[in-house]
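S.K.: Input: one structure, supplied below.
The values are calculated or read from the model by the stated rules, or taken from the named source; none is laboratory data. Keep in mind it's a predicted model, so treat the numbers as computed, not measured. Here the Cβ positions follow ideal geometry from the backbone for every residue, glycine too, while neighbour counts run over all protein chains shown. Protein only, heavy atoms only, side chains kept; ligands, DNA and RNA dropped before computing areas. Shrake-Rupley method; radii C 1.70, N 1.55, O 1.52, S 1.80 Å.
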Amino acid sequence: MHELAKFQDTFKLLTDRRPFPWQEDLYMRYFSQGRFPPSCNLPTGLGKTSVIGIWLIAFINHPDKVPRRLVYVVNRRTVVDQTTDEAEKLRENLSKLEVLPEHSRQLAISTLRGEFADNPEWSVDPSRPAVICGTVD
């Protein structure tokens, strides 16, 4: 199966949505090639949080090119909570994949925001893939 079609199918399974063209481009031209822009600046409502799913798909398909940890930083606590919910949905939906490589199992999710203490899920096993969501503070 062509790489783009594989990405589109996996994205749909994990997010319950079809990818926007910019999301396909981010996967094909950047993440799957082991390249990562320093930031993602898009208007509200265009799916910035999907960067987590795009990273996860790239990690599943190209573990030799993609870091096993994604740190997702936003400027509002409520958005951090929404981002954590999205990451948890992705983790649940991993079970929908026909084949899930061993290196992609047991995705850790951690939330760092304000005065709340972090769960140590991401730091216990350095080989475990993880999404760390946080605010700039």
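S.K.: Checking the condition within 13 Å of the chain's Cα centre (by Cα) and either more than 21 Å from Val136 (Cα to Cα) or in a loop (DSSP other than H, G, I, E, B) (or both), which residue from Arg18, Arg29, Arg91 passes?
M.R.: Going through Arg18, Arg29, Arg91 in turn, just one is within 13 Å of the chain's Cα centre (by Cα) and either more than 21 Å from Val136 (Cα to Cα) or in a loop (DSSP other than H, G, I, E, B) (or both): Arg91.
S.K.: For segment 51-82: of the residues being without any contact (Cβ under 8 Å) to a residue 60 or more places away in the chain and touching a Lys or Arg at 6+ places or on another chain (Cβ under 8 Å), which is farthest from His2 (Cα to Cα)?
M.R.: The extreme case among them is Arg77.
S.K.: Could you look through segment 8-21, keep only residues that are hydrophobic (A, V, I, L, M, F, W, C) and touching a residue at least 40 places away in the same chain (Cβ under 8 Å), and pick out the one that is surrounded by the fewest Cβ atoms within 10 Å (Cβ to Cβ)?
M.R.: Ranking the qualifying residues of segment 8-21, first place goes to Leu13.
S.K.: Sticking with this one: Going through segment 74-112 one residue at a time, which ones are surrounded by 14 or more Cβ atoms within 10 Å (Cβ to Cβ), over 14 Å from Ala130 (Cβ atoms) and of a type in the set (Val, Ile, Thr)?
M.R.: Val74, Val79, Val80
S.K.: Pairs only if they're at least six apart or on different chains, beta carbon under 7 angstrom, first in segment 122-137 and farther than 14 Å from Leu56 by Cβ and among the polar types (S, T, N, Q), second open to solvent by 20 Å² or more (accessible area, probe 1.4 Å) and assigned to a helix (DSSP H, G or I); list them, first residue then second.
M.R.: As it stands, the answer is Thr135/Arg77, since those pairs meet every condition given.
S.K.: Before we move on, is Glu24 in contact (Cβ under 8 Å) with a residue 24 or more places away in the chain, among the acidic types (Asp, Glu) and part of a helix (DSSP H, G or I)?
M.R.: Here the answer is no, as Glu24 does not meet what is asked.
S.K.: Taking the residues in segment 32-47 that are part of a loop (DSSP other than H, G, I, E, B) and touching a helix residue (DSSP H, G or I) at 6+ places or on another chain (Cβ under 8 Å) as candidates, determine which candidate is least open to solvent (accessible area, probe 1.4 Å).
M.R.: Across segment 32-47, the extreme among qualifying residues is Gly47.
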